[in-house]
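The values are calculated or read from the model by the stated rules, or taken from the named source; none is laboratory data. Computed from a predicted model, the values in this text were never measured in an experiment. Because the Cβ atoms are built from the backbone with ideal geometry, glycine has one as well, and the counts that use them run over all protein chains shown. When the accessible area is computed, the model is the full protein with side chains, heavy atoms only, and any ligands, DNA or RNA have been set aside. Shrake-Rupley method; radii C 1.70, N 1.55, O 1.52, S 1.80 Å.
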Amino acid sequence: MEISIIAAIGKNNEIGLNNKLLWHIPEDMSWFKLQTMGKTVILGKNTHLSIKKPLNGRVNVILTRDETYRPQKGVIVCNGIKNALYEFRHEKEVMVLGGSDIYRQMLPFATKLYLTKVNHEFEADSFFPEIDYDEWDEYYYKKGKEDSKYNYSFHVYSRKSFDSLIR
């Protein structure tokens, strides 16, 4: 199973403020949909609440420690990362959608990163974890085309093999 993380991050790894995104870039929303459609997506309860509904065309898995949480139909609740990864171990690729605590917990298991980098500093209360880029190979880059008040670009990284890290 490929464990992939997808996120849009500001210049200082900002991802949100008051449980909301910091920008609206339609091309990024299209990129997100393209990369996640038809896959199992794992997200935290607060991220799910901010979206307000299950994402169509995807298996929605909500991670929460709240054992009483009963969301609307169309989502699966797991009370831990191990449970979620075991339950979906036969999937080709699962996509981790956040928030910051879920990203932090899943980053050590991730084999691929899909990052939209927004070249701007934002006020934020939620951040993506620091990435040691020496552990990752970038194999895709595309500059954002859309007219936006922010410069942005799309990047995909794959984790270097363990063997290459110990040389």
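For the reader, a short list of remarks on this structure follows.
- Residue with peak Gaussian network fluctuation, the chain [Cα springs, cutoff 10 Å], from 132, 66, 28: 132
- Carbon plus sulfur fraction of accessible area for region 1-160, probe 1.4 Å, in percent: 49 percent
- Between residue 126 and 15, 16, the built amide H atoms are under 5 Å apart, and every one of these is 5 or more places off in sequence or on another chain.
- 222 nm mean residue ellipticity, helices alone, for the chain (DSSP H n ≥ 4; -39,500 (n - 2.57); rounded to 500): -5500 deg cm²/dmol
- Solvent-accessible surface of the chain, taken per residue with a 1.4 Å probe and all protein chains present: 58 Å².
- Solvent exposure of residue 159, expressed as accessible area, is near 70 Å², computed with a probe of 1.4 Å over the protein chains only.
- Region 62-167: equivalent-ellipsoid semi-axes (sqrt of 5 x gyration tensor eigenvalues, Cα, Å): 27, 21, 14
- GNM remark for the chain: springs join alpha carbons under 10 Å apart, and the peak mean-square fluctuation among 74, 16, 144 falls on 74.
- Region 17-167: relative contact order in percent, alpha carbon pairs under 8 Å with at least 6 residues between: 22 percent
- Whether region 29-92 is rounded, prolate or oblate, judged on the alpha carbon gyration tensor where a/c under 1.5 counts as rounded: oblate
- Using only Cα coordinates, the Kirkwood hydrodynamic radius of region 1-121 works out to 14.6 Å.
- Computed from phi, the 3J(HN,Hα) profile of region 70-82 under the Karplus parametrisation 6.51, -1.76, 1.60 (θ = phi - 60°) reads 10, x, 4, 4, x, 10, 10, 9, 10, 9, x, 4, 4 Hz, with x in place of Gly and Pro.
- Given charges at Cβ of Lys, Arg, Asp, Glu: the chain dipole, positive-most of 106, 9, 41: 41
- Computed about the Cα centre, the dipole magnitude for the chain is approximately 620 debye when only Lys and Arg (+1) and Asp and Glu (-1) carry charge, each at its Cβ.
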